[in-house]
1. Pick from Phe137, Phe70, Phe36 the residue whose mean-square fluctuation is largest in a GNM of the chain, springs joining Cα atoms under 10 Å.
2. Pick from Thr112, Thr51, Thr139: which residue has the top mean-square fluctuation in a GNM of the chain where Cα pairs under 10 Å get a spring?
3. Return the Rg/Rh ratio of the chain with Cα-based radii and a Kirkwood Rh.
4. For a quick check, take a GNM of the chain with Cα springs below 10 Å and name the residue from Val53, Val107, Val25 with the largest mean-square fluctuation.
5. Under the Karplus relation 6.51 cos²θ - 1.76 cosθ + 1.60, θ = phi - 60°, what is the ordered set of whole-Hz ³J(HN,Hα) values for segment 114-119, x standing for Gly and Pro?
6. Between the alpha-carbon centers of segment 90-113 and segment 42-57, tell me the distance in whole angstrom.
7. Which order do peptides 55-67, 114-126 fall in by mean Cβ count within 10 Å, highest first?
Amino acid sequence: MSQAEESHQRRLARNLNELLQELRVAQAGVQILFGFLLSIAFTGRYASADTFVRATHLVTILFAACSVAFMTAPAAWHRILFRRGRREDVIEVANRYAILGLGCLAVAMTGTILLLGEIIVGGWLAVALGAFAALLFGTLWFLLPWRERGRGSFTDDDEDAEDRLE
């Protein structure tokens, strides 16, 4: 194996490890949220909840479940394609799934805040809290990073230089 190919393989291994570590952090949060959302349906107060609360709860749970699915899929892809020379494919798919999973998590978090806002204060204030949450997650998780991504000019040569420093 040439030095360039070895460097490329090291970079791929590092990228995959970083991605899986990021997903581990996010998965813990989404799993706690999912458990919380599931437990709500078994409370006494939920039995008397109106249609808006029930619909918001269901949609929120569905987005949390989608987030779990997208964020755990990269581990399954990695395991099934392990030692098949497909690391680059796994990283590409896993990156897309991670972004989709974060999007679903943002919707689930927004729905949770809307749901709690409706239970605690109700009305337009609850909607305002939900809108604020959507704006916050959308800005911090997507708008700002994508804006920065458009500005950057990080190339493979820069990554090769970074590999040599490690």
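1. Residue with maximal mean-square fluctuation among Phe137, Phe70, Phe36: Phe36.
2. Highest fluctuation among the options: Thr51.
3. Working: Rg = 20.1 Å, Rh = 18.2 Å.
Across the chain, the Cα-based Rg/Rh ratio is 1.10.
4. Answer for the Gaussian network model of the chain: Val25.
5. Coupling constants for segment 114-119: 4, 4, 5, x, 5, 5 Hz.
6. 26
7. Numbers: 55-67: 19.4, 114-126: 16.1.
Going from most to least packed, we get 55-67, 114-126.
No value in this document is a laboratory result; all are computed from the given coordinates. Everything numeric here is computed off the predicted structure, so don't read it as measured data. Positions of Cβ are backbone-derived with ideal geometry, glycine not excepted, and every protein chain shown enters the neighbour counts.
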